[in-house]
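Beneath this line is the structure, given in structure tokens, with notes to follow.
Every read-out reported here was derived from the displayed coordinates using simple, explicitly stated rules and does not represent laboratory data. Values in this document were obtained by computation on a predicted structure and should not be read as measured data. Positions of Cβ are generated from backbone atoms using ideal geometry, with glycine treated the same way; all protein chains shown enter the neighbour counts.
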Amino acid sequence: MTTTVTLFDSALAPCRHLRGGERMTTEDQQGLFTEEVMFSCGCHSHREEFHDGSVHHQIVNHHGKVLVDEELRGE
């Protein structure tokens, strides 16, 4: 399993403000890929790509409101 953590200074957060934060990606070498982006304001996004090709993507603003929560089925 490979995990990479990257800090960033400025990106557009789900609350539409430029914020710094941290991006963490994890890959298991068999097709599972996870990306978590956490902004300094508290907004975050989470994306998982599973072995079967399906994807779960969620975006939450810093007030806790879920802006996107979708699952896409693989083939």
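Arrange the following residues from fewest to most other Cβ atoms within 10 Å of their Cβ: 55, 60, 68, 37. Provide the component values of the computation, followed by the final result.
Working: 55 14, 60 17, 68 11, 37 20.
In increasing order of surrounding Cβ atoms, one gets 68, 55, 60, 37.
What does the charge count near residue 32 come to, summing +1 for each Lys or Arg and -1 for each Asp or Glu among other residues with Cβ under 9 Å from its Cβ?
Working: positive: none; negative: 27, 28, 48, 49.
Here the count lands on -4.
For region 1-70, which chymotrypsin sites (Phe, Trp or Tyr not before Pro) are both in a DSSP coil and crowded by at most 16 other Cβ atoms within 10 Å? Spell out each step's value before the answer.
Details: sites: 8, 33, 39, 50; in loops: 50.
Those satisfying the criteria are 50.
Multiplying the sequence separation of residue 25 and residue 68 by 0.36 nm and subtracting their Cα-Cα distance, what value in nm do you get?
On the way: separation 43, 0.36 × 43 = 15.48 nm, distance 1.94 nm.
Length gained, residue 25 through residue 68: 13.5 nm.
At what distance in angstrom do the alpha carbon centres of region 51-75 and region 1-45 lie from each other?
14
Limiting things to C-alpha atoms, what are the Rg and the maximum Cα-Cα separation (Dmax) for region 2-72, in angstroms?
For region 2-72, the Cα-based Rg and Dmax read 12.7, 36 Å.
For the chain, which span is the longest to avoid every loop-located (per DSSP) member of trypsin sites (Lys or Arg not before Pro) having at most 13 other Cβ atoms inside 10 Å?
On the way: sites that count: 16, 65, 73.
Looking at the chain, 17-64 is the longest stretch - no exposed trypsin sites (Lys or Arg not before Pro) with at most 13 other Cβ atoms within 10 Å.
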